[in-house]
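Engineer: Let me begin by handing over the structure; questions about it come next.
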Amino acid sequence: MAPGVRRYDPERRQRIIDAAIRVVAAKGIAGLSHRSAAAEADVPLGSTTYHFKTLDDLLMAALRQAGEAFAPALAVREGEDLAGALARLLGETLSADRGRAELEYELYLAALRRPALRPVAAEWCESVAAALAPWTDPVTARALVALMDGISLQVLLTDAEYDEPYAREILSRVLPPA
């Protein structure tokens with residue numbers, strides 16, 4: 001290819017986001033830079049700054065993608081109540097790939113120090129609460145999201161085993177009587 005000719009690469013932006021997620025998974029948010037994302041994605045450094053003017057822009061894209069992966073469709077099984085379904089879903093999320101759960105929460109909690117990430121973190125909470133809309137009211141949905149975040153963080157931060165019966169009991173206490 002001749003110098004100065006731009007090669008069409010429609011997947012480059014997505015590869016950079018995927019690379020940023022891998023860097024954060026391996027080195028934490030402190031290890032993420034435009035340079036480390038470019039190296040991981042095997043793209044020129046200028047590509048990362050072209051697609052993501054600031055590191056916060058790259059983190060927002062990574063957080064948004066992690067949030068989309070985190071909010072699977074809630075399915076209440078035959079004979080299962082909402083508290084049981086949420087407790088099961090939490091268990092599946094925390095046990096399927098603990099490293100992935102840790103990564104998602106690291107990105108989510110980055111909003112504490114990076115105000116630009118807060119709207120995306122709020123979107124994450126709102127999307128999970130919206131997924132609960134068919135089963136409960138908006139206020140209870142937000143309370144359930146907060147409780148599930150708390151349980152998840154306790155398990156992730158203390159290396160405790162996830163206790164599904166405990167989670168089901170606590171979640172059921174937030175729900176109004178049937």
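Engineer: With springs only between Cα atoms under 10 Å, which of 112, 94, 59 fluctuates most in a Gaussian network model of the chain?
Structural biologist: 112
Engineer: Are there any trypsin sites (Lys or Arg not before Pro) in segment 26-105 that are in a DSSP loop and have at most 16 other Cβ atoms within 10 Å? List them by number. If you can, show how the numbers build up before the last one.
Structural biologist: Working: sites: 27, 35, 53, 64, 77, 88, 98, 100; in loops: 53, 77.
Answer by residue number: 53, 77.
Engineer: Mind putting a number on the dipole of the chain about its Cα centre? Charges go on the C-beta only, +1 for Lys and Arg and -1 for Asp and Glu, and I need it in Debye to the nearest 20.
Structural biologist: 920
Engineer: Here's something else I'd like to know. So for the pair residue 170, residue 9, with labels modelled 7 Å out along Cα→Cβ, what separation do we get in nm?
Structural biologist: Using points 7 Å along Cα→Cβ, the separation is 4.5 nm.
Engineer: Continuing with this model, one more query. Okay, helix-only estimate at 222 nm for the chain: each DSSP H run of n ≥ 4 adds -39500 (n - 2.57), divide by all residues, round to 500 deg cm²/dmol; what do you get?
Structural biologist: Value at 222 nm, helices only, nearest 500: -21500 deg cm²/dmol.
Engineer: How are the Cα pair distances of the chain distributed, in percent, across 10 Å bins from 0?
Structural biologist: Taking every Cα pair in the chain, the percentages come to 9, 33, 29, 17, 8, 2, 1.
Engineer: In square angstrom, what is the accessible area per residue of segment 104-178 with a 1.4 angstrom probe?
Structural biologist: Averaged over the residues of segment 104-178, the accessible area is 60 Å².
Engineer: Here is a further query. Using 1/(1 + (r/R0)^6) with R0 = 35 angstrom and r between the beta carbons of residue 154 and residue 68, what's the FRET efficiency to the nearest 0.05?
Structural biologist: Efficiency computed from Cβ-Cβ geometry: 0.90.
Engineer: Any idea which of 130, 116, 99 is furthest toward the positive side of the dipole for segment 94-136, if Lys and Arg beta-carbons carry +1 and Asp and Glu beta-carbons -1?
Structural biologist: Result: 116.
Engineer: Under a plain spin-label model, where a point goes 7 Å from the Cα along Cα-to-Cβ, how far apart in nm are residue 53 and residue 109?
Structural biologist: Label at residue 53, label at residue 109, 3.1 nm between them.
Engineer: Calculated FRET efficiency, residue 92 and residue 39, Cβ-Cβ r, R0 25 Å, to nearest 0.05? Walk me through the intermediate numbers first.
Structural biologist: On the way: r = 33 Å, r/R0 = 1.34.
Efficiency for this residue pair is about 0.15.
Engineer: Choose one of 153, 143, 24: the residue whose Cα lies farthest towards the positive end of the charge dipole of the chain (beta-carbon charges +1 Lys, Arg; -1 Asp, Glu; about the Cα centre).
Structural biologist: Farthest towards the positive pole: 24.
Engineer: Output the relative contact order of segment 52-178, whole-number percent, from Cα pairs under 8 angstrom with separation of 6+ residues.
Structural biologist: 33
Engineer: Let me ask something else. Given a 1.4 angstrom probe, I'd like the percentage of the accessible area of the chain that is carbon and sulfur, rounded to a whole number.
Structural biologist: 56
Engineer: While we're looking at this one, here's another question. Each residue of segment 28-40 in turn: what ³J(HN,Hα) in whole Hz from Karplus with 6.51, -1.76, 1.60 and θ = phi - 60°, glycine and Pro shown as x?
Structural biologist: Rounded to whole hertz, the list is x, 4, 4, x, 8, 9, 4, 5, 5, 5, 4, 5, 5.
Engineer: Additional query: Relative to the longest principal axis of the chain, what angle (0 to 90°, nearest 10) does the C-alpha long axis of helix 138-158 take?
Structural biologist: For 138-158 against the chain, the angle is about 70 degrees.
The values are calculated or read from the model by the stated rules, or taken from the named source; none is laboratory data. These figures come from a predicted structure and were not determined experimentally. Heads up, the Cβs are rebuilt from the backbone with ideal geometry, glycines too, and the neighbour counts pull from every protein chain shown. Just so you know, the surface numbers come from the protein's heavy atoms only, side chains and all, with ligands and any DNA or RNA stripped out. Shrake-Rupley method; radii C 1.70, N 1.55, O 1.52, S 1.80 Å.
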